[in-house]
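Enquirer: Dropping a structure here in structure tokens format, bear with me for questions.
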Amino acid sequence: MKNKLIRPYGDTLGDGKIQFSFSLPMPATEEGREAARLILRQMGCEDIDICGTRDLNEGFTQFIAYATCAAAVDPQDIKVKTVDTPVMDMEETDDFIAEHIGREITVVGACIESDAHTVGIDAIMNMKGYNHRYGLERYQYINAINLGAQVPSEELLRRAREEKADAILVSQVVTQKNIHLKNLTKLIELAEAEGLRHQMLFICGGPRISHELAIELGYDAGFGTGSYSTDVASFIAITLAGQRDKH
Amino acid sequence: MLKLHLHQQTVERARKAARGIAGSFDWLFRDYSSATIERTVIRMLGIDGATSDGKPLPNMVVEHLKARNVLNRGSAYWIANAMAIKGITAQEAAEQVARGELDLVSCGTASQDAIEDILDQLSDSMLAHIQAQKEHREEQFAKYGPRRQPAIYVIVATGNIHEDVKQARAAAIEGADIIAVIRSTAQSLLDYVPYGATTVGFGGTYATQENFRIMRAALDEVTAQEKRYISLTNYASGLCMPEIAVMGAIERLDLMLNDAMYGILFRDINPKRTLLDQYFARMINAYAGIEIQTGEDNYLTTSDAIEKAYTVTASQLLNEQFALISGIKPEKMGLGHAFEINPEIENCFTYELAHAMLTKELFPNSPVKYMPPTKFASGNIFKTHLMDAMFNFIGQLTGQGVQLLGMMTEAIHTPHIADRSLAIENAQYIFNAVKDLGNELSLAPDSFINNRANTVLEEATFFLEKVAEEGLFSAMARGEFADIKRPENGGKGLDGVFRKDASYMNPFLTKMKAEMELA
């Protein structure tokens, strides 16, 4: 059994080497270095090498360290929720919608509540898109409505109802003090209360959002860093088509 | 020496078009005022504070006058009138209004002479304070020497002003020349300025006058200790542009983010409201000797940085002309641009160099502000750190005015203390390593860089001439800027714009215009 476990890898299988970088409210002295060492020891590390010490002034110091760590995991025990619909390009998605849904689908998107950072929602929705993937506005079979920044949850749901949306896209970029979790929870609770939750797909995205987190919050899917319009569009098209088949 | 050969006739054409566009808003600047301009006047009369439930007194007074349909005479008139009739201070007048004990309109009518005397005194006193702050800054630079070029500009953004102070002090000691306190994410759309010291914010810290004072005092201490004047900056943008400008002038901020069109395009604030507010805000900045910084980097975070490079140049030229109208001199114009080209594109660095040289050479006397990679910064902090180094290389090589340092954790969180320190180390290493390299290099004849810069300039000129012909508002309504459609009567804050009565008074506007010899 033991040989199935994997550990961090430096240059020898099973060596458990990890690179660390962290700061402490301690001066750049021997005491500071010892504090860094003790922190790593409490984390279960051994062979601790504090190889870099940077004085950050005002009583703070950054430590760069290597250490070995006894932690090990069995890959067979790992369970991760991922979006597992295949990814199609724009033309394929348009063809797929035409064939399997047979009408234009409506997607309403917004950065909700306090969030003013539209870079994520724009990358997915704007005509222009991002990194050689056109945004949803460019899709022939998608009616994409981007409401922009700081849209109250109530307003997003009102528009989604008016437009008879097939999917809602919510972006949350600012995550300080977990504000994104509060905002996303508020939206989903309102949607439940208004009876909209199961009338459309609820999808969220942002740099700190994973599919697993999205599911936990009650969404249909979540897209994190490195996701493109093609990922989102394919998921929407395939999931909607699947729901039709069931009915 | 590294230098472009720009087609000077094209430069002239571009400036002429931009001048025409900015010059067509006389009617707006002359005949209109806004709720936030009136709140600014109220603040300049010496009124500050908020009710127990957090409503700022300047908002209470403006709402009081608006409800009585008399705001078009100007808030200055009504406050001075009450002061003359009741024998109270401006602050007392505002407090009584807030408590519902005073009606500014039905409290009697003082003589015009009495009102003018009061306003004359109060405006002299405020303008003298702002002048004194400006002179203090100039003395400090004279004593400790000018800011390095490019200046090292870093952000703090913990949400808690007291935590910000620790991080700002540490950064300043390490070598930062300019500290920017990033605002809480929703503040630009608040139609009031929160009051007092704040300890909770999202993605940043609220801009309040007390927060400005706390940070300025901390940086003054570091200035004395390090014998290097540490500048402070914040955002005079959004729905309270001139109010924040005057708070900065009072508390001696040294730079202010202030873009003529950013609010319209990227925050959906009404076009008339924005242009009107920036006119007065920038006049305060000019009077206070505050350097403005513009937000052209935003065009590139939403569009392709090569294809839309000309929108940066066009916006810089418009910002320049609007700034001149408000009395800002070229040496106080931190026109913006950014290093945002996809790093996978072959020769992307060469393109960046061409664009950076174009900005620097179009505005040779301005402390142009160079923004770091953000769009292609990723969770791979090692790669981002490397991109930041390339960005720093161009900053020093082309002599940018202000280098807004990139953070390796740009794509992850607001900077931790060590992230900021590593960014400063990165910049100091590169700046020192290539310090005089620019003097040793020249472009090959018919070089790609020279041709590219001229191409961007031509595209910008063509665009500006088209906008000049159809009008700025109409061009914005058609989505010609940043692919975003902004109709003249759409967006937030239009209900705060009003036409001035013939009897309207704003002693600060009158005096600043006279002193700076503005039309």
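Enquirer: Specify the residue with the greatest mean-square fluctuation among A:Q42, A:Q199, A:Q140, computed from a Gaussian network of chain A linking alpha-carbon atoms under 10 Å apart.
Expert: Sorting by GNM fluctuation, first place goes to A:Q42.
Enquirer: Taking the mean number of other Cβ atoms within 10 Å as a proxy for protection, how do you rank B:238-247, A:80-89 from highest to lowest? Walk me through the numbers before you get to the answer.
Expert: On the way: B:238-247: 29.1, A:80-89: 13.0.
Taking the mean over residues of other Cβ atoms within 10 Å, the ranking is B:238-247, A:80-89.
Enquirer: Now for a different question. Considering all alpha-carbon pairs of region A:2-69, what whole percent are spaced by more than 15 angstrom?
Expert: Values: 1178 of 2278 pairs.
For region A:2-69, the fraction of Cα-Cα distances above 15 Å is 52 percent.
Enquirer: Kindly provide the pair-distance distribution of the protein assembly as shown built from C-alpha pairs, with 20 Å bins from 0 and whole-percent values in order of increasing distance.
Expert: Calculated over all Cα pairs of the protein assembly as shown, the distribution is 15, 45, 33, 6, 0 percent.
Enquirer: Quick check for me: using +1 on Lys/Arg Cβ and -1 on Asp/Glu Cβ, what's the dipole size of region B:93-195 about its Cα centre, in debye to the nearest 20? Write out the running numbers ahead of the final one.
Expert: Working: 9 positive and 16 negative charges, 182 e Å.
For this selection, approximately 880 debye.
Enquirer: Then there is this: Report the residues of region B:67-106 in range of a label on B:D53: point 7 Å along Cα→C-beta, backbone N strictly under 16 Å from it.
Expert: Output list for this probe position: B:98-101.
Enquirer: Which order do A:S23, A:S234, B:S125 fall in if you start with the one that has the fewest other Cβ atoms within 10 Å? Show your work: numbers first, answer last.
Expert: Working: A:S23 17, A:S234 21, B:S125 12.
In order of increasing Cβ crowding within 10 Å: B:S125, A:S23, A:S234.
Enquirer: Per DSSP helix of 4 or more residues, -39500 (n - 2.57); summed, then divided by the residues of chain B. What does that give at 222 nm, rounded to the nearest 500? Mind showing how you got there, number by number?
Expert: Details: 21 runs with 276 residues, N = 519.
Taken over chain B, the calculation gives -17000 deg cm²/dmol.
Enquirer: Any chance you could check the Cα centroid distance between region B:226-303 and region B:418-440 for me, in angstrom?
Expert: 28
Enquirer: Starting from 0.36 nm per residue, how many nanometres of slack lie between B:D436 and B:Q149 once their C-alpha separation is accounted for?
Expert: On the way: separation 287, 0.36 × 287 = 103.32 nm, distance 1.21 nm.
Between B:D436 and B:Q149, full extension yields 102.1 nm more.
Enquirer: Follow-up. For B:D304 and B:D191, FRET efficiency with R0 = 41 Å and r from the beta-carbon atoms, rounded to 0.05? Numbers along the way, then the final one.
Expert: Working: r = 34 Å, r/R0 = 0.83.
Here the calculated transfer efficiency is 0.75.
Enquirer: Quickly work out the A:H100-to-B:N160 label distance, labels modelled 7 Å from Cα along the C-beta direction, and quote it in nm with one decimal.
Expert: According to this spin-label approximation, the distance is 5.0 nm.
Enquirer: Right, here's the next one. Pairs B:K3/B:K383; B:K134/B:K513; B:K3/B:K134: which are spaced more than 27 Å apart, C-alpha to C-alpha?
Expert: Table pairs above 27 Å Cα-Cα are B:K3/B:K383; B:K3/B:K134.
Enquirer: With unit charges on the beta carbons (Lys and Arg positive, Asp and Glu negative) and the dipole taken about the Cα centre of the protein assembly as shown, which residue among A:F22, A:V80, B:N234 sits farthest to the positive side?
Expert: The residue sitting most towards the positive pole is B:N234.
Enquirer: Here is a further query. Would you mind checking the tilt of helix B:57-67 against the longest principal axis of the Cα atoms of chain B, expressed as 0 to 90 degrees and rounded to 10?
Expert: Around 60 degrees separate the two axes.
Enquirer: Mind checking the mean number of beta-carbon atoms from other chains within 10 Å of the Cβ atoms in A:53-62? Walk me through the numbers before you get to the answer.
Expert: Working: counts 0, 5, 4, 10, 10, 12, 2, 6, 3, 6.
Neighbouring Cβ atoms belonging to other protein chains average 6 per residue here.
Enquirer: Taking every Cα atom in region B:149-449, find the radius of gyration and the maximum pairwise distance Dmax, and write them in Å.
Expert: 18.2, 58
Enquirer: For region B:290-436, give the magnitude of the charge dipole about the Cα centre (Cβ charges: +1 Lys/Arg, -1 Asp/Glu; no others), in debye to the nearest 20.
Expert: Values: 9 positive and 17 negative charges, 63 e Å.
Computed charge dipole of region B:290-436: roughly 300 debye.
Enquirer: Keeping to pairs on different chains or 8 or more places apart, tell me how many lysine pairs in chain A have Cα atoms under 19 Å apart.
Expert: On the way: A:K2/A:K17; A:K4/A:K17; A:K4/A:K79; A:K177/A:K186.
Taking the Cα cut-off of 19 Å, the pair count is 4.
Enquirer: How far apart, in nanometres, would the label points at B:S474 and A:Q199 be if each is projected 7 angstrom from Cα along the Cα-to-Cβ direction?
Expert: 4.2
Enquirer: Still on this structure, please answer the following. Taking the Cβ-Cβ separation of A:H132 and A:T85 as r and a Förster radius of 25 Å, what is the calculated FRET efficiency to the nearest 0.05? Present the calculation step by step, with values, prior to reporting the outcome.
Expert: Working: r = 21 Å, r/R0 = 0.84.
So the FRET efficiency works out to roughly 0.75.
Enquirer: After finding the eigenvalues of the alpha carbon gyration tensor for chain B, what semi-axes result from the square roots of 5 times each, listed largest first in whole Å?
Expert: Working: eigenvalues 314, 140, 79 Å².
They are 40, 26, 20 Å, listed largest first.
Enquirer: Note down the magnitude of the dipole of region A:90-246 about its Cα centre, charges +1 on Lys and Arg C-beta and -1 on Asp and Glu C-beta and zero elsewhere, to the nearest 20 debye. Please report the intermediate quantities before stating the final value.
Expert: Numbers: 15 positive and 23 negative charges, 68 e Å.
Dipole about the Cα centre, nearest 20: 320 debye.
Enquirer: Still on this structure, I have one more. Using the alpha-carbon atoms, what tilt in degrees (0 to 90, nearest 10) does helix A:179-193 show relative to the longest principal axis of chain A?
Expert: Approximately 30 degrees, to the nearest ten.
Enquirer: I want to verify a result. In a Gaussian network model of chain A, Cα cutoff 10 Å, which of these has the top mean-square fluctuation: A:A160, A:A233, A:A35?
Expert: Judging by the Gaussian network model, the answer is A:A35.
Enquirer: Go ahead and estimate [θ] at 222 nm for chain A from helices alone: -39,500 (n - 2.57) per DSSP H run with n ≥ 4, summed, over the residue count, rounded to 500.
Expert: Values: 7 runs with 81 residues, N = 247.
It comes out at -10000 deg cm²/dmol, rounded to the nearest 500.
Enquirer: Based on a Kirkwood Rh over C-alpha pairs, give the Stokes-Einstein translational diffusion coefficient of region A:90-246 at 10 °C and viscosity 1.306 mPa s in µm²/s. Before the final figure, lay out each step's value.
Expert: Details: Rh = 15.2 Å.
Diffusion coefficient, whole number: 104 µm²/s.
Enquirer: Across bins of 10 angstrom width beginning at 0, how are the C-alpha pair distances of region A:116-180 distributed, in whole percent?
Expert: Here the calculated profile for region A:116-180 is 20, 49, 28, 4.
Enquirer: Hey, another quick one. Please list, by residue number, everything in region B:172-189 whose backbone N is under 12 Å from a paramagnetic label point 7 Å out along Cα→Cβ of B:D220.
Expert: The answer is none, because no backbone nitrogen lies closer than 12 Å to the label point.
Enquirer: Follow-up. Within 10 Å of each residue's Cβ, count the other Cβ atoms and sort A:C69, A:C204 from fewest upward. Can you show the working numbers first?
Expert: Details: A:C69 18, A:C204 27.
In order of increasing Cβ crowding within 10 Å: A:C69, A:C204.
Enquirer: Work out, in µm²/s and without decimals, the Stokes-Einstein translational diffusion coefficient of region B:195-343 at 10 °C, 1.306 mPa s, Rh from Kirkwood over C-alpha pairs.
Expert: Answer from the Stokes-Einstein relation: 98 µm²/s.
Enquirer: With axes computed from alpha carbons, what is the tilt in degrees of helix B:448-470 against the longest principal axis of chain B, rounded to the nearest 10 within 0 to 90?
Expert: Helix B:448-470 and the main axis of chain B meet at about 30 degrees.
Enquirer: Tell me the volume per residue, in Å³, of the convex hull enclosing the alpha carbons of region B:1-142.
Expert: 205
Enquirer: With a 10 Å Cβ neighbour count serving as the proxy for reagent exposure, in which order, fewest first, do B:T40, B:T301 appear? Kindly include the intermediate steps, with their values, before the conclusion.
Expert: Details: B:T40 29, B:T301 19.
By the 10 Å Cβ count, ascending: B:T301, B:T40.
Enquirer: Go through region B:250-262 residue by residue and turn each phi into a ³J(HN,Hα) via Karplus (6.51, -1.76, 1.60, θ = phi - 60°); whole Hz please, and just put x for glycine and proline.
Expert: Result, ordered by residue: 5, 8, 6, 6, 10, 9, 9, 5, 7, 10, 5, 10, 3 Hz.
Enquirer: Here's a follow-up. Return the FRET efficiency for the residue pair B:R499, B:F462: r is the Cβ-Cβ distance, R0 is 45 Å, and the value is rounded to the nearest 0.05. Can you show the working numbers first?
Expert: Values: r = 36 Å, r/R0 = 0.79.
Efficiency, from the Cβ-Cβ distance: 0.80.
Enquirer: In addition: Binned at 5 Å from 0, what are the whole-percent values of the Cα-Cα distance distribution for region B:114-188, short to long?
Expert: 3, 13, 13, 14, 14, 16, 11, 7, 5, 2, 0
Enquirer: Shifting gears a bit: Kindly identify region B:357-481 as rounded, prolate or oblate by the Cα gyration tensor criterion: order the square roots of the eigenvalues as a ≥ b ≥ c, call it rounded if a/c is under 1.5, otherwise compare a/b with b/c, prolate if a/b is larger, else oblate. Please list the in-between numbers first.
Expert: Details: a/c = 2.48, a/b = 1.39, b/c = 1.79.
In terms of gyration-tensor shape, oblate.
Enquirer: How far apart, in nm, are two points set 7 Å out from the Cα along the Cα-to-Cβ line at A:L190 and at B:H7?
Expert: With each label placed 7 Å out from Cα toward Cβ, I get 5.2 nm.
Every read-out reported here was derived from the displayed coordinates using simple, explicitly stated rules and does not represent laboratory data. The shown structure was predicted, so the numbers you read here are calculated from the model rather than taken from an experiment. Every residue, glycine among them, receives a Cβ derived from its backbone with ideal geometry; neighbour counts consider all protein chains shown.
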